[in-house]
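Below you'll find the structure, written out as structure tokens, and then a few comments.
The values are calculated or read from the model by the stated rules, or taken from the named source; none is laboratory data. For clarity, every value in this text was computed on a predicted model and none was experimentally measured. We place every Cβ from the backbone using ideal geometry, glycine too, and count neighbours over all the protein chains shown. Keep in mind that these areas ignore ligands, DNA and RNA; they rest on the heavy atoms of the full protein, side chains included. Shrake-Rupley method; radii C 1.70, N 1.55, O 1.52, S 1.80 Å.
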Amino acid sequence: MVKEIERAGIPVVHICTVVPISLTVGANRIVPAVAIPHPLGNPDLGKEDEKALRKQLVLRSLKSLETEVQDQTVFDK
Amino acid sequence: MIKVVHYINQFYGGIGGEEKADVKPEVREGVVGPGMALKGALGKDAEIVATIICGDSYFNENIEEATEEILKMVKSYEPDLFIAGPAFNAGRYGVACGTICKAVKDNLNIPVVSGMYPENPGADMFKKDIYIVETANSATGMRKAIPVMAKLALKLAKKEEIGPPAEEGYIARGVRKNIFREERGSKRAVDMLVAKLKGEPFVTEYPMPDFDKVAPNPPVLDMKNAKIALVTSGGIVPKGNPDRIEASSASKYGKYDIEGVMDLTQETHETAHGGYDPVYANEDPDRVLPVDVLRELEQEGVIGELHRYFYSTVGNGTSVANSKKYASAIAKELVADGVQAVILTST
């Protein structure tokens, strides 16, 4: 799916837990997520902390979309 | 006697479904689940001494640790042969089988065999490293897959010569072998061309590799005024799943209006995905589709706006061809709607 969206000319970031799969399917901007059943959350945290974690991942995703990349890039920081 | 260790996931190990996908590796003496059929197919020359079972999510979320733990378990049995799966089209299971097979082969230097549907991401990742028998896309193909895997595994263990992919039933590894043919190349090429012109079947001697890479698009320059859209393969849908998107092998995608929606809750949305434990996503769908924080970022002026619609499908056993079809239709609409960037989330 990421590849088809990229092909249409829209920059796309893939937030996913299993980074090797994302690399195989051809995503160019990748942000590693928390866990498979809750990529953007962590039920062990309190509601506020969990939301802060989610915001951090989304901000990192936006940053990746603002970054020029030549090849597949994993944004893990 | 050839000593065999078999690897399977928590489902085939009888531990449980997605709610148990986070179990750590454990080892059991003898055969478990599909090991029974495998034992029959391997016959008298081989014995499955142990079965290692690991949850698919645990493996994929902890690839390095899990590989190390499992490698230790395999090593302790000093096997002559290692077999993993078959994983059919289960993505996480395929990645686990491929990863552990490669680790066993590299570290213990024994033959390894797995089985997967060619679209399994694990097949693409590991087909060059290991022998992966081509299977059907679901467990209904078990009966066909097991004998082929067993035969190939025995041949490898006995150091017999392995024939080409089509003959042995494994996925091509990209290995080229020099052979002598009776007719010279020019004649074979012309024969092929003539067959093609007549509409007769022919087999190419050099299939073109599939290099379908899409180069990254230039970045978003003005995020403060950009329109961002959310797309997911994690199956988030309005409560009740109005379009009845299937839990696996989705035959469609959904487009859902989130105008004025500040937060996805268990009252408004849920997941239709059948390939992961739905408890967390149903409790708070923002854990898969982060509408709540994107609304905040919209208000803070970090992004211009969150696109009015999100798109969702279920990426569970859904064919590559269908995924492509859905995404290209979605992309066309996003372009027409002036969306400048997409956040795609997967589970």
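Condition test on A:Val74, is it more than 8 Å from chain B (Cβ to nearest Cβ), crowded, with 24+ Cβ neighbours inside 10 Å and within 30 Å of B:Ser319 (Cα to Cα)?
Judged against the criteria, A:Val74 is not a match.
Being among the polar types (S, T, N, Q) and within 19 Å of A:Pro37 (Cβ to Cβ) is the filter; apply it to region B:285-317 and report the residue that is most open to solvent (accessible area, probe 1.4 Å).
Out of the qualifying residues, it is B:Asn316.
Among (1) assigned by TED's automatic domain parsing to the domain that holds B:Pro285; (2) surrounded by 11 or more Cβ atoms within 10 Å (Cβ to Cβ); (3) in contact (Cβ under 8 Å) with a residue 12 or more places away in the chain, which single condition is B:Pro242 missing?
Going through the list (1) assigned by TED's automatic domain parsing to the domain that holds B:Pro285; (2) surrounded by 11 or more Cβ atoms within 10 Å (Cβ to Cβ); (3) in contact (Cβ under 8 Å) with a residue 12 or more places away in the chain, B:Pro242 breaks only (2).
Please verify whether region B:318-338 includes one or more residues that are surrounded by 17 or more Cβ atoms within 10 Å (Cβ to Cβ) and more than 9 Å from every other protein chain (Cβ to nearest Cβ).
yes
Scan region B:137-160 for residues that are of a type in the set (A, V, I, L, M, F, W, C) and either modelled with pLDDT under 95 or touching a helix residue (DSSP H, G or I) at 6+ places or on another chain (Cβ under 6 Å) (or both) and report the count.
4
Just to confirm my filter: which helices (runs of 4 or more DSSP H) fall fully inside chain A and include at least 1 residues that are hydroxyl-bearing (Ser, Thr, Tyr)?
A:19-25, A:47-65
Quick one: in region B:247-266, of everything that is under 19 Å from B:Ser319 (Cα atoms) and crowded, with 19+ Cβ neighbours inside 10 Å, which residue is farthest from the chain's Cα centre (by Cα)?
Checked region B:247-266; the qualifying residue farthest from the chain's Cα centre (by Cα) is B:Gly254.
Name the single residue, out of those in region B:105-120 being surrounded by 17 or more Cβ atoms within 10 Å (Cβ to Cβ) and polar (S, T, N, Q), that is nearest to A:Val18 (Cα to Cα).
Applying the filter and picking the extreme gives B:Asn120.
Assess whether B:Arg308 counts as being touching a residue at least 40 places away in the same chain (Cβ under 8 Å) and either of a type in the set (D, E, K, R) or not assigned by TED's automatic domain parsing to the domain that holds B:Gly254 (or both).
yes
Report, by residue number, each residue of region B:274-317 that is under 24 Å from the mean Cα position of the chain (by Cα) and of a type in the set (Ser, Thr, Tyr).
Within region B:274-317, B:Tyr276, B:Tyr280, B:Tyr311, B:Ser312, B:Thr313 meet the criteria.
Return the pairs, sorted by first residue and then second, in which the second residue is part of a helix (DSSP H, G or I) and open to solvent by 10 Å² or more (accessible area, probe 1.4 Å), the first residue lies in region B:41-66 and is β-branched (Val, Ile, Thr), the beta carbons are less than 6 Å apart, and the residues are 6+ apart or on different chains.
Every condition considered, the pairs that remain are B:Ile48/B:Lys39; B:Ile52/B:Met73.
Which residues, taken from region B:287-310, are within 9 Å of another protein chain (Cβ to nearest Cβ) and closer than 30 Å to B:Asp212 by Cβ?
Residues satisfying the conditions are B:Val288, B:Leu289, B:Pro290.
Of all strands (runs of 3 or more DSSP E) completely enclosed by region B:211-264, which ones contain at least 2 residues that are modelled with pLDDT of 95 or more and of a type in the set (A, V, I, L, M)?
The strands (runs of 3 or more DSSP E) meeting that bar are B:227-232, B:236-238.
Give region A:24-41 a look and list any residue that's open to solvent by less than 40 Å² (accessible area, probe 1.4 Å) and closer than 26 Å to B:Val23 by Cβ, or say none.
Result: A:Pro32, A:Ala33, A:Ala35, A:Ile36, A:Pro37, A:His38, A:Pro39, A:Leu40, A:Gly41.
Identify all residues within region A:5-37 that are among the β-branched types (Val, Ile, Thr), within 7 Å of another protein chain (Cβ to nearest Cβ) and within 16 Å of B:Val95 (Cα to Cα); write none if there are none.
If the condition is that a residue be among the β-branched types (Val, Ile, Thr), within 7 Å of another protein chain (Cβ to nearest Cβ) and within 16 Å of B:Val95 (Cα to Cα), then A:Thr17, A:Val18, A:Ile21, A:Thr24, A:Val25, A:Ile36 are the ones that fit.
Just to verify a result, which residue in region A:42-68, among those that are open to solvent by less than 10 Å² (accessible area, probe 1.4 Å) and facing chain B (nearest Cβ under 7 Å), is farthest from B:Ile228 (Cα to Cα)?
Selected residue: A:Arg54.
Could you tell me whether A:Val2 is buried (at least 20 other Cβ atoms within 10 Å of the Cβ) and either facing chain B (nearest Cβ under 7 Å) or within 24 Å of B:Thr99 (Cα to Cα) (or both)?
yes
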